[in-house]
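Have a look at the structure below, then the notes.
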Amino acid sequence: MWCDRLDLVRAPFAEASRSARSLDRSITSPVDAGLAAGAKKTPLEVLKEENELLKETIADAEASVQEMTGELETAGVDPASKAPLVAPAAAQTPEDLFSPLQEPAPGGEYIEQLGLMSPVPDHDGTSCLQWDDSLWSHADHFRYRWNIFKSIRHAIDVNEGGMDNFTQGYKYYGLNRGEHEGKQGIWYREWAPGANAIALVGEFNDWEPKPEHWAIKNEFGVFQLFLADNADGTSAIPHRSKVKLRLETSSGETVERIPAWIKWATQEWNEIQFNGVYWEPPEKAAPGVIEDGKSYTFKYPRPPRPRHLRIYECHVGMSSEEPKVNSYAEFRDEVLPRIRKLGYNAIQIMAIQEHAYYGSFGYHVTNFFAASSRCGTPDELKSLIDEAHRMGITVLMDIVHSHASKNTQDGINMFDGTDGQYFHGGDRGYHWMWDSRCFNYGNWETLRFLMSNSRYWIDEFKFDGYRFDGVTSMMYHHHGLQVAFTGNYDEYFGMATDCDAVVYLMLMNNMLHDLFPTVVTIGEDVSGMPSFCRPWYEGGVGFDYRLQMAIADKWIEVLSECDDNSWNLGNIVHTLTNRRYAEACVGYAESHDQALVGDKTIAFWLMDKDMYDCMAARGVGPQSAVVDRGIALHKMIRLLTMTLGGESYLNFMGNE
């Protein structure tokens, strides 16, 4: 009602405004006409004419107001009412403005409405070149990768029933509830073309397979097995019980593996190896409530996508003030409120995918569909994300599709006894710097596995997007190692480029942005590949943001090589603003790379050992000019980075 009334009240003043603009033109026109005719008027005569025109305009506006007032009274509205146009807002804290709290979904349970896959545009893949004419010298490369993209999209539509079906492999492969010949039970499916035989073992059969626990292999190399429910209706494999598969390789060797699509894997305190765990709670909990033995039900919708991200990069396990591995529940209750109060509107969580080696910080993934069990259960992670959404915080996941752990006991390396199942065989499939395995992005089942994985975490856990790790390593055969990218376009569009990997990234961005319209994808690319952050439908790679990695390196260079009087501000500003036109970036002074991986934080660069003894407030403890200088520069470095470094900003936890 008040909005309607506001429109009515605004109307006469809008008319008055138009009259005033007309007045601006009419005031000068008599003077100009008089001058053109040779007439001479004194300044006083011109002023009198202007005053007369102003009086006429004011009279017209007052008449319009009186007419509208009469219409309001006739409609039963008191024009003199002083009632507010909007209801008074409740008292707000600053964080309520940064990240407004979300109301529960209608009906109590949040049920997401997915988008639809859009058709492939009818162009040759060079639409993104409109932003950089100099790229036309490499238009053939754009056409080549666009044709590959189109052919794969077409093949998925024809052979897999469309992208929506193709990317839900986690509902088909692995362990899932289903039906067979009218009976309810568990389907187990695994693609292992190099294996001779597979049996499912675990606590449910005392780790010894019975005849009915051996899977059948079809012509596509997929083993499948159905375990009907027990006579009393209980599951043949109890919820939270351990499972593995016993596999016979083509050479006759018998090995044990964790199912590639397992949804949880755990390590006992007295064991080295992990075990797969069948995670399928038999009941559903009330929305927003954690209940043992019941699956979590989301209560809050995703928050609106922020116009500019202020990202708090974090690691749940390392987030405690105590010397322990923190849990999802503790992070939810103790850390999230602090993050929101600090003014961040997004978190980016590291080390979610299960990784047997904790010291890899989550980057040597062994179980791609399993939430790290060190911090809790899958449902506790879902509760963390739901609470973040209630707080208005966007939740991003640091996802690793650039390589995989070479661990054969816990991961997917040599899964079926061959080195080329999901990965390239031979030297091409080994990353010499990271001591890990490199995916074959041109393999159909690898595409299914990774595309399904990128959808899984957003669909099932309600993550709002990703930071894709190590994208430079994916896009080039040389992995970006021992190569200096100078900006010459031949470095990006030639034989060194792994087009299969680039097309995978295009397909992934296409799928995620179509099915989840508010999704955010950030790519860690140090090469500066042109079109990296242009939409897939233009022929670009499709990311929303590129991590502006040169900024952090610049600050380390300045702090390690320059004294306070030698800072080259022109060079610093150039680095902060040196990014491609129309391609958004996330700027940061330091991330986990600087804080954890072979470096030290900016605070330590600035203050070093003085931080241990001289950080107390004045009058409370020892003081140090080194600390005073360090705190001042620390703030200045962040101010410059946030204002000049990109369209969004990131900080790693503990450095705020």
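Quick look at the values:
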| item | result |
| --- | --- |
| Cα centroid separation, segment 594-609 to segment 175-252 (Å) | 50 Å |
| Cys562 - accessible surface, heavy atoms, 1.4 Å probe, Å² rounded to 10 | 50 Å² |
| Ranked by how many other beta carbons lie within 10 Å on average, peptides 246-252, 113-119, 453-459 from highest | 453-459, 246-252, 113-119 |
| Cα-based equivalent ellipsoid of segment 286-413: semi-axis lengths in Å, sorted from largest, via gyration tensor | 25, 17, 15 |
| Estimated 222 nm signal from helices in the chain, with DSSP H stretches of n ≥ 4 weighted -39500 (n - 2.57), rounded to 500 | -10500 deg cm²/dmol |
| Derived scalar couplings ³J(HN,Hα) [segment 614-619; Karplus, 6.51 cos²θ - 1.76 cosθ + 1.60; whole Hz; x for Gly, Pro] | 10, 9, 6, 5, 4, x |
| Within segment 308-354, GluC sites (Glu not before Pro) in DSSP loop having at most 10 other beta-carbon neighbours inside 10 Å | Glu321 |
| Considering only the chain, percent of DSSP beta bridges that pair antiparallel, nearest 5 | 55 percent |
| Of Trp567, Gly630, Val586, farthest towards positive along the dipole that unit charges on Lys, Arg, Asp, Glu beta carbons give segment 523-632 | Val586 |
| Signed unit charges on C-beta, dipole axis of the chain, positive-most listed residue His479, Asn196, Tyr358 | His479 |
| Segment 104-147 and segment 273-301: distance between their alpha carbon centers, rounded to Å | 35 Å |
| Whole-percent carbon and sulfur share, accessible surface of the chain, 1.4 Å | 54 percent |
| Cα shape, segment 266-315, gyration tensor, a/c 1.5 rule | oblate |
| Heavy atoms of Glu71: accessible area, 1.4 Å probe, square angstrom to 10 | 90 Å² |
| For segment 459-603, size of Cβ-based charge dipole, Lys and Arg +1, Asp and Glu -1, in debye | 260 debye |
| Unit charges on C-beta of K, R, D, E only; dipole of the chain, Debye | 300 debye |
| Residue-by-residue Karplus 3J(HN,Hα) for segment 262-273, coefficients 6.51, -1.76, 1.60, Hz, glycine and proline x | 4, 9, 7, 9, 10, 10, 5, 4, 9, 10, 8, 7 |
| Sequence of Thr69, Thr497 from largest to smallest accessible area, 1.4 Å probe | Thr69, Thr497 |
| Average accessible area per residue (Å²) across the chain - probe 1.4 Å, nucleic acids and ligands excluded | 46 Å² |
| Reachable lysines from Lys609, criterion Cα separation under 20 angstrom, eight or more residues apart if same chain | Lys600, Lys635 |
| Farthest toward positive dipole pole in the chain [+1 Lys/Arg, -1 Asp/Glu at C-beta], among Val620, Pro94, Phe149 | Val620 |
| Cα-derived Rg to Rh of the chain, Kirkwood definition | 1.08 |
| Amide proton proximity set for Leu309, modelled H, under 5 Å, gap of 5+ | Tyr649 |
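The values are calculated or read from the model by the stated rules, or taken from the named source; none is laboratory data. Being a predicted model, the structure only gives us computed values, none of them experimental. Heads up, the Cβs are rebuilt from the backbone with ideal geometry, glycines too, and the neighbour counts pull from every protein chain shown. With ligands, DNA and RNA removed, areas are computed over all heavy atoms of the protein, side chains included. Shrake-Rupley method; radii C 1.70, N 1.55, O 1.52, S 1.80 Å.
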